[in-house]
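Below: the structure, in structure tokens.
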Amino acid sequence: MVLYFSATGNTKLIAKKLAEHLGDESFDLLQRIKNRDYSSLHSDHPFVICSPVYVSELPSFFSEYLRKVSLTGCREVYGILTDGGYAGIAGAQLGRIIRQKGMNFKGYAEFKLPSNHITNRSHAEIEEAEITKRIDASLNKVEDVANEIRRGGFFKNRHIFLLEYLVTVPVAPVLCYVNQTTNGFWTKESCISCGKCARLCPLNIIEIRDGKPVWKEPRCAHCMSCIQNCPVEAIEYKDITEGRRRYTAP
């Protein structure tokens, strides 16, 4: 079973393609995460857990979900990480969670895909040609990854240096606390009150009031789901995102 969370489609794209090549089912964990549903998921085939990488780590809400959910049946687990070019310590985090469940972690494959993070000026926009290049390269890689999983192989992962842990573990939470605020989000008059942003928010912190989205908590994961999936591009963040290209995976 291929399990995934995806905010703007990168992880979903790879998860769906992997499931096709493996002849297995893919399962979107969004609603389970929103509802805090940790009931058992069963698979007679290896579990393939697909996750984006946020600030060099697994999304905190996703790692929390994985720790609590019950996985039954096959005890072998593969990881799939989608990122903009650096997975940080996310693979090691996933491995630790899986081993703590008493399961056999067989490594992870990494896919470099277009970044969706547009609420920070330090993240430059990716040109259309680079978007196409990254997607094509990732799709070409899927079959080889599926073949390795099918034959029960083990992904050889790069060594994560101690310095990476020493920088990421204390620094990432601080960066998230400072930068991942919700008070910068605002909505233009073009909002059509469709409620898509609220439905897709993995943390359930958006609700529709008087026809407009309202962020109920001061901080979020900045998964970009609300701003990138808005059908009329009505959601902005401070003065950073106006005029910037929106991105969802094809």
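The values are calculated or read from the model by the stated rules, or taken from the named source; none is laboratory data. A quick note: this is a predicted structure, and the numbers were derived from the prediction, not measured. Using ideal geometry, Cβ is built from the backbone for each residue, glycine included, and neighbour counts are taken over all protein chains shown.
List pairs: first residue in segment 208-219 and without any contact (Cβ under 8 Å) to a residue 24 or more places away in the chain, second residue assigned to a loop (DSSP other than H, G, I, E, B) and surrounded by 14 or more Cβ atoms within 10 Å (Cβ to Cβ) anywhere in the structure, Cβ distance under 8 angstrom, at least six positions apart or on different chains. Correct list of pairs: Gly211/Cys191; Lys216/Ile205. Filtered by the rule that a residue be closer than 11 Å to Ala7 by Cα and out of contact with any Pro (no Cβ under 9 Å at 6 or more places or on another chain), segment 202-250 gives His222, Met224, Ile227, Gln228, Asn229, Thr248.
Of all residues in segment 40-76, those being in contact (Cβ under 8 Å) with a residue 40 or more places away in the chain, more than 26 Å from Tyr165 (Cβ to Cβ) and of a type in the set (Gly, Ala, Ser) number 1. On the basis of being more than 21 Å from the chain's Cα centre (by Cα) and surrounded by 15 or more Cβ atoms within 10 Å (Cβ to Cβ), does Ile131 make the cut? Criteria not met by Ile131.
When restricted to residues that are of a type outside the set (A, V, I, L, M, F, W, C) and in a helix (DSSP H, G or I), segment 146-162 contains 3. Evaluating Gly153 against the criteria (1) in the same structural domain as Glu20 (by TED's automatic domain parsing); (2) surrounded by 14 or more Cβ atoms within 10 Å (Cβ to Cβ) leaves one unmet condition, (2).
Answer with yes or no whether Tyr4 is farther than 26 Å from Gly153 by Cα, hydroxyl-bearing (Ser, Thr, Tyr) and either modelled with pLDDT under 95 or under 12 Å from the mean Cα position of the chain (by Cα) (or both). Reasoning before the result, please.
Details: farther than 26 Å from Gly153 by Cα: no; hydroxyl-bearing (Ser, Thr, Tyr): yes; either modelled with pLDDT under 95 or under 12 Å from the mean Cα position of the chain (by Cα) (or both): yes.
Taking the combined requirement at face value, the residue does not satisfy it.
Looking at the structure I just gave you, is Glu217 over 30 Å from Lys133 (Cα atoms), not hydroxyl-bearing (Ser, Thr, Tyr) and not assigned by TED's automatic domain parsing to the domain that holds Leu13? Taking the combined requirement at face value, the residue satisfies it. In this structure, His21 does not qualify as over 21 Å from Phe111 (Cβ atoms) and not in a loop (DSSP other than H, G, I, E, B). A Cβ distance below 6 Å, combined with a sequence gap of six or more or placement on separate chains, defines the contacts here; from segment 99-118, residues that are in contact (Cβ under 8 Å) with a residue 60 or more places away in the chain reach residues that are among the aromatic types (Phe, Trp, Tyr) and crowded, with 16+ Cβ neighbours inside 10 Å in the pairs Lys106/Tyr78; Pro114/Tyr247; Asn116/Tyr247.
Pick out, from segment 25-122, the strands (runs of 3 or more DSSP E) lying fully within it that include 3 or more residues that are surrounded by fewer than 22 Cβ atoms within 10 Å (Cβ to Cβ).
26-28, 41-43, 71-73, 104-112
Within segment 7-43, if we keep just the residues that are out of contact with any strand residue (DSSP E or B) (no Cβ under 6 Å at 6 or more places or on another chain) and small (Gly, Ala, Ser), the residue that is farthest from Leu139 (Cα to Cα) turns out to be Ser39.
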